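Taking it in order: structure first as structure tokens, then the write-up.
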């Protein structure tokens, strides 16, 4: 478990499933992912996070307030998606329930997760990316002092008519641990 000034980052357990699924059912929360996902898909995502932690020692963390209320997630995930434009990499990401937006929780928890990942692994860098129109996540990346690397931006064709444009930021181990 990781504690910050206002939050605790916890390993996933079955008690998180309902709140995790509720977050994924919110149209506004899931707008950058093409819309909500159902309970089965949400449970599969949570199981994926748990497996990643067992396999790699790092994953997304469940983020709770100090009162134990589920707020969302933040953490570093291995990405080995065949055909991904960035190849195999590690990515810091976050998602929060709507009522937790605008309170600095994404920045606070992502900073803690990045610090933990760099301290416990030998990763040289961790990437972060978001769509061109996701200004909220771009602001978090800027507050984290991640370095923008436009040369690594990418496009993913989707089943829908509109492709997804990914803007890339980078945290490097040596720089991160010195900050």
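Could you grab me the full set of residues in the range 49-67 that are closer than 17 Å to residue 10 by Cβ and surrounded by 14 or more Cβ atoms within 10 Å (Cβ to Cβ)?
Let us first name the residues in the range 49-67 that are closer than 17 Å to residue 10 by Cβ, namely 49-54, 57-67.
The answer is 49, 50, 52, 53, 58, 59, 60, 61, 62, 63, 64, 65.
Scan the range 112-150 for residues that are in contact with a helix residue (DSSP H, G or I) (Cβ under 7 Å, 6 or more places away or on another chain), part of a helix (DSSP H, G or I) and under 19 Å from residue 88 (Cβ atoms) and the total you get is 2. In the range 107-133, the residues that are without any contact (Cβ under 8 Å) to a residue 40 or more places away in the chain and at negative phi form Cβ pairs under 8 Å with partners that are buried (at least 19 other Cβ atoms within 10 Å of the Cβ) and part of a helix (DSSP H, G or I), at six or more places apart or across chains, as follows: 107/140; 110/140. Inside the range 68-92, residues that are surrounded by fewer than 21 Cβ atoms within 10 Å (Cβ to Cβ) and out of contact with any helix residue (DSSP H, G or I) (no Cβ under 7 Å at 6 or more places or on another chain) make up a count of 14.
Do we find that residue 96 is buried (at least 22 other Cβ atoms within 10 Å of the Cβ), closer than 23 Å to residue 51 by Cβ and in contact (Cβ under 8 Å) with a residue 40 or more places away in the chain in this structure? No; evaluated as a whole, the condition is false for this residue.
Coordinate-derived values only; no laboratory data. No experiment lies behind these values; they were computed from the predicted model shown. Positions of Cβ are generated from backbone atoms using ideal geometry, with glycine treated the same way; all protein chains shown enter the neighbour counts.
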